[in-house]
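The next block holds one structure in the form of structure tokens; read it before the comments.
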Ligand code: SF4
Ligand code: SF4
């Protein structure tokens, strides 16, 4: 059951976590993509494996590096970067599995250093490209090599009829799955509001956490004034190497290249009304709330 996945893949097992949007480039064109994509390399900076390793090792901490995109396997020498990082750190990678380099990755990376291999099954795009079997083959190969493959599936109206049978196919292969709510406009309907009651009852069986997903989808995951470890032991890094407190509050904490990176000594209050970091935010936020005076100070910083 998806709810158990949250316990199994508990992010707080790792003291230091960084969410790295390694590239904006993606080879797919999913019409529901929430991240702007580009074919342009102008907005990208490609670091060498040595530069990346030097940065992470210079922090003298062991990180869980949650790598997203775009499509991470579009990053130059991505498998080599993973090989280097997994000598010390652990990785979570969200990928559409389209790269032929997946096999090289599976053959050369220690699966115990991969916390989650989050494989996004974009059925419509895969079907358009005639590559549905390719996704399934790669999932099976990775699973056979001992990687923790977790298939995610967007509950899109175009694939609603087949969603459950697709999920069952992966379950039959021993591969865990979960569903993400669609956000955005399709056929002049705004999702997730446009799901029917029947559709939502079906979808919620496969959500990681119904309450969290609902709040996140409706931009209402509100931890305002709660102390949060974002900036202290959780960070966000964009494709230019800019480091910020989290993906929601993108204030500068330094840059991969600048060598001026710092971490806060203490948890600080959250200053926004919606946390886009969702499960990373949940893992970092605390019950304790700041006083009004502390909030006033925090907003001035
Ligand atoms: S694979 Fe992911 S990043 Fe690429 S277009 Fe689809 S949703 Fe966007
Ligand atoms: S609760 Fe979310 S938005 Fe607020 S500081 Fe923490 S990670 Fe950032």
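Values quoted throughout were computed directly from the atomic coordinates according to the rules given, and no laboratory measurement underlies them. Remember, predicted model here, so these are calculated numbers, not experimental data. Using ideal geometry, Cβ is built from the backbone for each residue, glycine included, and neighbour counts are taken over all protein chains shown.
Descriptive notes on the structure:
- Over the chain, Cα pairs under 8 Å with separation of 6+ residues give a relative contact order of 18 percent.
- Span from the region 237-301 Cα centroid across to the region 146-161 one, whole angstrom: 30
- Protection proxy ranking of 242-248, 221-227 - average other beta-carbon atoms within 10 Å, highest first: 242-248, 221-227
- Percent antiparallel among DSSP beta bridges (both partners in the chain, rounded to 5): 30
- Size of region 237-295 from its Cα atoms: along the principal axes, largest to smallest, the extents are 36, 23, 16 Å.
- Compactness index (Cα Rg / 2.2 N^0.38 Å), region 32-158: 1.09
- Computed over region 144-184, the percent of Cα pairs more than 17 Å apart is 33.
- Within a Gaussian network of the chain (alpha carbon springs, distance under 10 Å), most fluctuating of 83, 92, 104: 104
- Fraction in percent of alpha-carbon pairs per bin - 10 Å, region 129-209: 16, 46, 28, 9, 0
- Taken along its principal axes, the alpha carbon cloud of the chain reaches lengths of 52, 46, 37 Å, longest axis first.
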